[in-house]
Amino acid sequence: MRRLREGRWRLLTLLVVLTGGCDLPGKPREADRPVPADQVRGFDALYGARCAGCHGADGQLGPAPPLNDPVFLAIVPDAELRHVIAEGRAVTDAQRSPMPGFARDRGGPLTGEQVQVLAEGIKKRWGPAASGEAPPQYLSPAGTKSGNRDEGARVFARACAGCHGGQGQGGEHGGRPVGAINKPAFLALISDKALRRTAITGRPDLGMPAYDGTAGRPADFRPLTSAQIDDLVALLVSWRRRGPDDDQ
């Protein structure tokens with residue numbers, strides 16, 4: 001009789017639990033189910049998994065140029081940002097930089113919608129610069145001639161040599177070492193577009209001034225123009241091909 005009463009109480013307890021809508025112990029909840037990788041839509045999750053390792057957790061202080069940079073976000077067209085995320089960067093037609101393409105048709109893991117989430121989220125999260133004097137264009141104006149390396153050497157002497165050394169061999173600024181930019185390994189891994197972008201935006205996370213910054217530059221320094229950026233890139237590209245010693 002006692003066992004019968006205990007059995008009834010257990011049955012009654014179970015019915016109360018079931019009718020009360022509580023989950024059985026160990027039953028997985030729908031919210032706990034893992035989301036398939038191609039269905040992730042959150043910017044934080046996508047950026048943390050695909051971008052933070054190179055560009056930094058907050059878009060800066062990574063080995064790659066910062067994305068948390070208002071000058072960059074002011075000059076980069078939306079279509080170009082999507083393109084770089086989807087296609088990656090190439091130094092030449094035959095040689096790719098360490099920036100991979102994340103789109104599936106490039107062998108990457110992301111859908112077109114996820115690429116769009118990243119492109120829109122980067123600008124929304126870190127925002128473009130406030131309106132004011134427009135910086136040089138991110139891409140060289142269509143139809144213009146390429147830069148002149150001899151003019152680029154003069155631009156380099158005024159805008160870059162104070163920190164990077166007269167031949168790009170490296171130096172220091174404010175007691176801190178500044179890396180060499182004449183090394184073939186470095187120039188072989190960075191595209192012309194990335195060189196132009198860095199000349200415009202600098203590396204604010206590493207103390208490198210932008211096109212209009214004055215740190216390490218002459219007192220009468222004036223902001224670099226788009227044409228001067230072209231010339232500077234032409235000089236660096238020539239170093240990629242044959243090195244700075246040939247300029248002497």
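The values are calculated or read from the model by the stated rules, or taken from the named source; none is laboratory data. Bear in mind that the values here come from a model prediction, so they are computed numbers and not experimental data. So basically every Cβ, Gly included, is an ideal-geometry build from the backbone, and we count neighbours across all protein chains shown.
A quick yes/no check of all residues on (1) polar (S, T, N, Q); (2) at positive phi; (3) surrounded by fewer than 20 Cβ atoms within 10 Å (Cβ to Cβ):
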| site | (1), (2), (3) |
| --- | --- |
| Gly174 | no, yes, yes |
| Ile181 | no, no, no |
| Leu206 | no, no, yes |
| Asp212 | no, no, yes |
| Leu224 | no, no, no |
| Ile229 | no, no, no |
| Leu232 | no, no, no |
| Ser238 | yes, no, yes |
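Here is a check on your reading of the model: is Leu232 in a helix (DSSP H, G or I), farther than 23 Å from Asn68 by Cα and in the same structural domain as Cys163 (by TED's automatic domain parsing)? Spelling it out, Leu232 is indeed in a helix (DSSP H, G or I), farther than 23 Å from Asn68 by Cα and in the same structural domain as Cys163 (by TED's automatic domain parsing).
Matching residues to (1) modelled with pLDDT of 95 or more; (2) charged (D, E, K, R):
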residue	(1), (2)
Glu113	yes, yes
Val117	yes, no
Ala129	no, no
Pro135	no, no
Ser146	no, no
Gly152	yes, no
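On the stretch given as segment 93-108, residues that are surrounded by 14 or more Cβ atoms within 10 Å (Cβ to Cβ) and either touching a His at 6+ places or on another chain (Cβ under 9 Å) or under 16 Å from Ala52 (Cα atoms) (or both) total 4. Of the residues making up segment 203-230, those that are within 24 Å of the chain's Cα centre (by Cα) and of a type in the set (Asp, Glu) are Asp205, Asp212, Asp230. Residue count for segment 171-201 under the criterion of being under 25 Å from Thr92 (Cβ atoms) and part of a loop (DSSP other than H, G, I, E, B): the result is 7.
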